[in-house]
Amino acid sequence: MANIDNGNGVKDNAFDKVKDTHKRITEQMWLLQNTLPYLNNEESYSNIRKVTDFFKNTILRHFEWEEHDVFPIALAIGEIDIKQAVRDLQQQHILIIGKFDILADIVVKHGFAFTDEKIKSKFIETSKEMVNAVLQHGHKEDEELYPFLRDKNINLNFNNHK
């Protein structure tokens, strides 16, 4: 079984940790998706910052962990169907990171408080697209990749993941 030390001397199943992470991300994404339309109030400065920080510090870090610690293992031991699933997931990473780049570019050019309705709409629409892409991405991992790795008894290094 793929177990990791949780820091308290207790072994946790890495696959359960990944599933829990995906669940937490899904819940946070739902929250973001339901709050994005309200970025036009006086709190927009802090909301926009929260959205971009969440994407950067949670989603993109999770992708880095997968690219470094998970995908190479699956590519090394997987049959063609798993290798193709990983390649699809990598392409999804690129697409989602591209969406984040659009958001980051908007923030760099316009700050955290949007006075232009067109800019605000672009930010909200791109965020929604990113939310949907991340939800589909997590589902694909949970249905195709992680069951394969669990069945192979792979020891994932979840300690590098925050």
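The values are calculated or read from the model by the stated rules, or taken from the named source; none is laboratory data. Values in this document were obtained by computation on a predicted structure and should not be read as measured data. Only protein heavy atoms, including side chains, enter the accessible area calculation; ligands, DNA and RNA are left aside. Shrake-Rupley method; radii C 1.70, N 1.55, O 1.52, S 1.80 Å.
Can you flag which of LYS50/LYS152; LYS17/LYS122; LYS99/LYS152; LYS23/LYS99 are past 28 Å Cα-Cα?
LYS50/LYS152; LYS17/LYS122; LYS99/LYS152
So, taking all protein chains as they sit and a 1.4 Å probe, how much accessible area belongs to ARG150, in Å² rounded to tens?
It works out to around 90 Å².
Using the Karplus equation 6.51 cos²θ - 1.76 cosθ + 1.60 (θ = phi - 60°), what ³J(HN,Hα) coupling, rounded to whole Hz, does each residue of the range 95-101 give in order, writing x for Gly and Pro?
4, 5, 4, x, 5, 5, 4
Rounded, prolate or oblate: which fits the range 48-146 when a ≥ b ≥ c are the square roots of the eigenvalues of the alpha-carbon gyration tensor, with rounded for a/c under 1.5 and prolate only if a/b beats b/c?
It comes out prolate by the Cα gyration axes.
Kindly report, to the nearest 10 Å², the accessible surface of LEU95 as traced by a 1.4 Å probe over protein heavy atoms only.
90
Note down the accessible area of LYS19, probe 1.4 Å, to the nearest 10 Å².
130
What is the range 71-162's relative contact order, in percent, from Cα pairs under 8 angstrom and six or more apart in sequence?
Answer for the range 71-162 is 37 percent.
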